Amino acid sequence: MECAGPSTVVFDPTLTDYDFGPHHPMSPIRVDLTMQLAHELGVTGGRLRVVPAPMADDDQIATVHDAALIEAVQRAGRTGAAELQVGLGSDDNPVFLGMHEAAAHVVGASLEAFRQVWSGESLHAANITGGLHHAMPDRASGFCVYNDVAIGIRWLLGQGAERIAYVDIDVHHGDGVQAAFWNDPRVLTISLHEHPATLFPGTDR
């Protein structure tokens with residue numbers, strides 16, 4: 001099946017700086033190898049453009065996340081010290097230096113993907129480092145520091161989008177995006193996931 005129109009993947013090799021360490025299950029090598037393989041197979045180039053990933057600024061992140069979380073992420077990324085009150089320093093979300101910048105870069109890549117489609121520059125766009133759907137407005141959760149998806153949806157609403165359907169096909173419940181728009185009738189969130197009795201975050205609605 002072939003998609004009409006241009007498609008885009010937003011990528012910068014330094015997106016692999018979102019790295020919780022060598023023993024963490026979400027290793028950034030998966031991102032690097034995916035892009036290498038896509039290039040070697042001739043998937044990128046031609047009809048699938050690769051465009052640079054910008055860095056999201058604090059104001060963009062603050063459209064979803066509390067100032068206290070952003071400040072804690074920035075502080076932890078400088079000191080390397082845990083900020084457990086906001087979920088940083090746990091087994092899921094170990095602290096690493098430059099954490100804020102790395103997470104903001106992932107958000108920026110997703111915002112660019114959203115912008116590509118909204119502007120009409122691309123029919124389809126993706127950020128393969130994104131989908132950090134567990135991050136809550138006030139805390140990091142489940143490998144997710146900032147919720148790039150929720151920030152992107154908030155950006156679309158700010159551009160004038162009136163109805164948005166977010167369909168999450170990850171095996172985990174997309175609880176962070178759901179929480180961000182629970183009371184917003186403009187956003188429909190649908191999550192298709194494994195049974196919560198056996199899988200993080202243990203919620204289904």
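The values are calculated or read from the model by the stated rules, or taken from the named source; none is laboratory data. Fair warning: this is a prediction, and the values are worked out from it, not measured in the lab. Positions of Cβ are generated from backbone atoms using ideal geometry, with glycine treated the same way; all protein chains shown enter the neighbour counts. Note: accessible area is taken over every heavy atom of the protein model, side chains too, but ligands, DNA and RNA are not part of it. Shrake-Rupley method; radii C 1.70, N 1.55, O 1.52, S 1.80 Å.
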Checklist line | Fraction of beta bridges assigned by DSSP in the chain that are antiparallel (%, nearest 5) | finding: 25
Checklist line | Tail fraction, Cα-Cα pairs, the stretch 69-129, threshold 16 Å, whole percent | finding: 52
Margin query: Run the helix sum for the chain: -39,500 (n - 2.57) per DSSP H stretch of 4+ residues, divided by residue count, reported at 222 nm to the nearest 500 deg cm²/dmol.
Written below: -10000 deg cm²/dmol
Notebook entry, point to check: Which one of His24, His134, His105 has the biggest mean-square fluctuation once the chain is modelled by GNM with Cα springs under 10 Å?
Noted result: His24
Margin query: Spelling out what I want: for every residue of the stretch 49-55, take phi, set θ = phi - 60°, compute 6.51 cos²θ - 1.76 cosθ + 1.60 (Karplus), and round to whole Hz; glycine and proline get x.
Written below: 7, 10, 10, x, 9, x, 9
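At 1.4 Å probe radius, can you tell me the per residue accessible area of the chain in Å²? Walk me through the intermediate numbers first.
Values: 10590 Å² over 205 residues.
Per residue, the chain has an accessible area of 52 Å².
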Next item on the list: Express in whole angstrom the spacing between the alpha-carbon centres of the stretch 1-50 and the stretch 123-155.
Entry: 17
Margin query: With a 1.4 Å probe and all protein chains kept in place, how do Asp17, Asp66, Asp175 rank by accessible area, largest first?
Written below: Asp17, Asp66, Asp175
Check: To two decimal places, what compactness ratio does the chain give when its Cα radius of gyration is scaled by 2.2 N^0.38 Å?
Finding: 1.00
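Taking only Cα atoms of the stretch 109-166, what ratio of Rg to Rh do you get with Rh as the Kirkwood inverse-distance radius? Write out the running numbers ahead of the final one.
On the way: Rg = 11.8 Å, Rh = 11.9 Å.
Looking at the stretch 109-166, the ratio lands at 0.99.
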Margin query: Can you give the log10 of the normalised intensity I(q)/I(0) at q = 0.12, 0.18, 0.24 Å⁻¹, computed with Debye over equal Cα scatterers of the stretch 18-118?
Written below: -0.50, -0.96, -1.27
Notebook entry, point to check: Put +1 on the Cβ of each Lys and Arg and -1 on the Cβ of each Asp and Glu in the stretch 86-186; which of Val145, Trp182, Pro94 then has its Cα farthest toward the positive end of the dipole?
Noted result: Trp182
Item checked: Descending principal axes extents, the stretch 143-182, alpha-carbon based, whole Å -> 30, 19, 15
